[in-house]
Structure formats: C-alpha cells, structure tokens
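Structure, as structure tokens:
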Amino acid sequence: MVNEYWDQRFKAEGMIWGKEPSPTAYHAIDIFQEHGVQSVLIPGGGYGRNSKAFSPHFQVEAVELSPDAIAMAREWDPDCHYIEGSALDIKIDKTYDGIYCYDLLHLFLMSDRHRLIQCCDEHLRKGGVMYFTSFSDEDPNNGIGKQLESGTYEYKEGKYAHFFSEEDLREHFSGYRIVETGTVEEILRNQSNVSHSYLLRYIVVQNK
C-alpha cells in the first residue's frame, strides 16, 4: 500500500518536492566529513533530491522502492548508484561509513520503525555515523486525525505519520552514542513553486 501510494505520486507529480536538497543534507555532509566518512547509504532515496548533494563528496548508494522515482534519480543524479528495494529489507552485502535517512522513519508504525533502524545498523560499519530526520511533535499536524498508536496519526486520508518528541527520538536510538539532536524547519517548493513548511527533528548517532 505504501509502495503504491508513492509510486502513484511520483508518476503523477514527478519531482514532488523540487530539486533543492534539504538543509539537513548539507548538515549531514559536514558531520560525515568530520567523522571521516567515505561511503554513504541513503535508504528511501526517492528521485535523488538529496543524494545529489552527497555524490560530489562520497561514494553514495541509495535504496528506493519506486521504479518511477529510480528512473528520475538515475537521470538527475547519475553519480549515485540506485538500487530498487525496500529500506526495511536492504539486500546489500556490504557496510557503509555513514547513513542518511531523510523523513522515512516517521512513515512506519512502531515495529517497522525499529526494523528500519536495525536494518540500517546492519549496513553500518563499526564506529559509523547515522543521520535520521523525522516529523516533530511540535509540527501543527501532530494530533490531527485518527490516532493509530501513541504519537502516530492518520493526519491525512490514507497517510499516517509518527510525530517524535525529543525523548521519543532518543529512546528509538538508545543503543547508540548520540552525537547531536535538533529541530529544523523544512520548506519545500514543488515544481509550481508552491511552498510548504513543517518541523523536523534530526538525530545523529554513532554505533558503539
């Protein structure tokens, strides 16, 4: 169902969130460089909006479920190697120095959120760094719609998300050394130049 939703959107809307990378991508690049990262995995790479920021600096591979998004990504960001597959079941027999996971964690219910983190961990080298972004509980959409789990709401018809508090996000990564956390306002502009803003939390962790 999730796959169908995004495939339909990519097919109908193309580069849904425009071409400009998230500010968190540039922040992650700085942190990765500080930690000597050379290889980066991007689960849920979409159409290459963020991977294109990483490609000039690192060896980058991305996993994406939507064939339509991958087709766009391979044209937009040819320096990144895109692999079709699920971020919950990454079938790559290698590890990476860094993982950048943008706005994917909040799309799942609790069991799959932990599954995503575990899957990323399995592809992170010892001492590697992960950078996750997710919806903040301070975002105005928090609490709207049907509650599915604690902190998780169907805030739009057919679309649900988990809204993280600082404590909740830290608890999800309790087995890691937390390098940094923070909040950022994300402003998206689609191809019609219509803007939309929302609040994100980010967390940077290092495996022990």
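A few points about this structure:
- For the chain, DSSP calls about 60 percent of its internal beta bridges antiparallel.
- For region 91-113, the residues whose amide N sits under 12 Å from a probe point set 7 Å from the Cα of residue 168 along the beta carbon direction are 106-110.
- Modelled FRET efficiency - R0 30 Å, residue 189 with residue 110, Cβ distances, 0.05 increments: 0.40
- Helical content of the chain, expressed as a calculated mean residue ellipticity at 222 nm, amounts to -8000 deg cm²/dmol (DSSP H runs of 4 or more residues, -39,500 (n - 2.57) each, divided by residue number, nearest 500).
- Relative contact order (percent, whole number), the chain, Cα cutoff 8 Å, 6+ residue spacing: 18
- Per-atom-type breakdown for region 13-129 gives carbon and sulfur 50% of the accessible area (1.4 Å probe, protein chains only).
- Counting all C-alpha pairs of the chain, share separated by more than 30 Å (%): 14
- Lys-Lys pairs in the chain that are eight or more residues apart or on separate chains and whose Cα atoms lie under 17 Å of each other come to 6.
The values are calculated or read from the model by the stated rules, or taken from the named source; none is laboratory data. Here the structure is a predicted model, which means the values were calculated and not measured. Cβ: placed from backbone, ideal geometry, glycine included. Neighbour counts: every protein chain shown. Heads up: the accessible areas ignore ligands, DNA and RNA and are worked out on the full protein's heavy atoms, side chains in. Shrake-Rupley method; radii C 1.70, N 1.55, O 1.52, S 1.80 Å.
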